[in-house]
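Student: The structure under discussion is supplied below as structure tokens; questions concerning it will follow.
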Amino acid sequence: MRRMFGFLMLAAIASGVALPVSAQGMERMMVTSNQVEESARISAPAIYRQIPADFVMVAITYQSATRDAAERRKELETMFDRLKARASRTEGFSLAGGTLGRSMADIDTVLFTDVYGSDYSGTGRFTLTLSIDTKPEESFEALMKRAQQFVTSIEAQGRAEAYLGDTQYIGARDVAKHRADLIADIAREVSGLQTAFGPNGSKVTLTGLESRIITQPSGPLELEIFIPYTLMLEAGG
């Protein structure tokens, strides 16, 4: 099995920690589930932003129950190649290896043998992550319909069939830009407080600005982003 050099934990991508050189093209991306329970949401501070998602990620699985093991494997390897070829020439669609929501691997480092498996019932399958770029004013339902059309447009081999997973993740690119915007927003808030309370010698203290950006869904294709800072205002006498 060939080592997957592009393998990254999504948590590391979102937190902005140092990444190996081979991962530099991915370090400006953040990804989060679009199905977070309300009880698990984090209360945002006064300053936050809502941004549109740039893409949606969903697991795509191909399976076959062809009785002959060699033929079953051949069918799925053919679909693996067809899926990669179709994604490479379809604008707005891309593939990755790894586990949705936990890790990613550059598709060019993923071999069929890395992802293929067969269970006790004689069903073989492989799973990859499909990423679909969003379009302006497009609904989540319309995007997922496009994803399904993409899948059904690929000619099936033998008894191979495909399905999309029930869980989706949404993401945004260019995290560094959003961090700069958030810092600028917080600075304006502090300046406004100093102007409003400054004449009496008030003091504004900020902590937590070094923290990573928190991202959580605020809609099917919308992200709420913020730095979990704390602001303390000491009014003058």
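The values are calculated or read from the model by the stated rules, or taken from the named source; none is laboratory data. Source: prediction; values computed, not measured. In this analysis, Cβ positions are derived from the backbone assuming ideal geometry, glycine residues included, and neighbour counts consider all displayed protein chains.
Student: Step by step: first the residues of the stretch 119-138, then only those that are at pLDDT below 95 and of a type in the set (Gly, Ala, Ser), then the one that is nearest to Ile107 (Cα to Cα). Which residue is that?
Tutor: Gly122
Student: Sort through Arg212, Arg188, Arg146 and tell me the only one that's basic (Lys, Arg), farther than 24 Å from Val58 by Cβ and modelled with pLDDT of 90 or more.
Tutor: The conditions single out Arg188.
Student: Going residue by residue through the stretch 163-174, is there one that turns out to be on the phi > 0 side of the Ramachandran plot, within 24 Å of the chain's Cα centre (by Cα) and either among the β-branched types (Val, Ile, Thr) or surrounded by 12 or more Cβ atoms within 10 Å (Cβ to Cβ) (or both)?
Tutor: Yes, some residue in the stretch 163-174 is on the phi > 0 side of the Ramachandran plot, within 24 Å of the chain's Cα centre (by Cα) and either among the β-branched types (Val, Ile, Thr) or surrounded by 12 or more Cβ atoms within 10 Å (Cβ to Cβ) (or both).
Student: Kindly indicate whether Ala96 is at pLDDT 95 or above and either in contact with a strand residue (DSSP E or B) (Cβ under 8 Å, 6 or more places away or on another chain) or not polar (S, T, N, Q) (or both).
Tutor: So Ala96 fits the description; yes.
Student: Further, regarding this structure: Of all the strands (runs of 3 or more DSSP E) wholly in the stretch 79-191, which have at least 2 residues that are closer than 20 Å to Leu221 by Cα?
Tutor: The strands (runs of 3 or more DSSP E) meeting that bar are 93-97, 124-133, 161-173.
Student: Could you check Asp106 against (1) acidic (Asp, Glu); (2) over 18 Å from the mean Cα position of the chain (by Cα); (3) surrounded by 16 or more Cβ atoms within 10 Å (Cβ to Cβ) and say which number it fails?
Tutor: Here Asp106 meets the rest and fails (2).
Student: Quick one: Glu138 ticks every box in (1) within 16 Å of Ala87 (Cα to Cα); (2) touching a Leu at 6+ places or on another chain (Cβ under 9 Å); (3) among the acidic types (Asp, Glu) except a single one, so which number is it?
Tutor: Looking at each condition in turn, Glu138 falls short on (1).
Student: A further question on this structure: Name the residues in the stretch 177-223 that are of a type in the set (A, V, I, L, M, F, W, C) and over 12 Å from Leu233 (Cα atoms), would you?
Tutor: Ala180, Leu182, Ile183, Ala184, Ile186, Ala187, Leu209, Ile213, Ile214, Leu221, Leu223
For every residue, the table says whether it meets (1) over 27 Å from Ala87 (Cβ atoms); (2) among the hydroxyl-bearing types (Ser, Thr, Tyr).
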position: Ala160; (1), (2): no, no
position: Leu164; (1), (2): no, no
position: Ile186; (1), (2): yes, no
position: Phe197; (1), (2): yes, no
position: Ser202; (1), (2): yes, yes
position: Arg212; (1), (2): yes, no
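Student: Next question, about the same structure. Of the numbered conditions (1) modelled with pLDDT under 90; (2) farther than 21 Å from Pro52 by Cβ; (3) within 30 Å of the chain's Cα centre (by Cα), Gly236 satisfies every one except a single condition; which is it?
Tutor: (3)
Student: When the stretch 59-92 is examined, which residues are found to be crowded, with 19+ Cβ neighbours inside 10 Å, within 24 Å of the chain's Cα centre (by Cα) and of a type outside the set (Ser, Thr, Tyr)?
Tutor: Scanning the stretch 59-92 gives Ile60, Phe80, Leu83, Ala87.
Student: For the structure I just gave you, tell me whether Gln50 is modelled with pLDDT of 95 or more and not β-branched (Val, Ile, Thr).
Tutor: It is false that Gln50 is modelled with pLDDT of 95 or more and not β-branched (Val, Ile, Thr).
Student: All but one of (1) assigned to a helix (DSSP H, G or I); (2) in contact (Cβ under 8 Å) with a residue 40 or more places away in the chain hold for Ile225; state the number of the condition that does not hold.
Tutor: (1)
Student: So which of Leu221, Leu206 ends up being in contact with a Pro (Cβ under 8 Å, 6 or more places away or on another chain), surrounded by 13 or more Cβ atoms within 10 Å (Cβ to Cβ) and either more than 26 Å from Phe140 (Cα to Cα) or hydrophobic (A, V, I, L, M, F, W, C) (or both)?
Tutor: Just one listed residue meets the conditions, Leu221.
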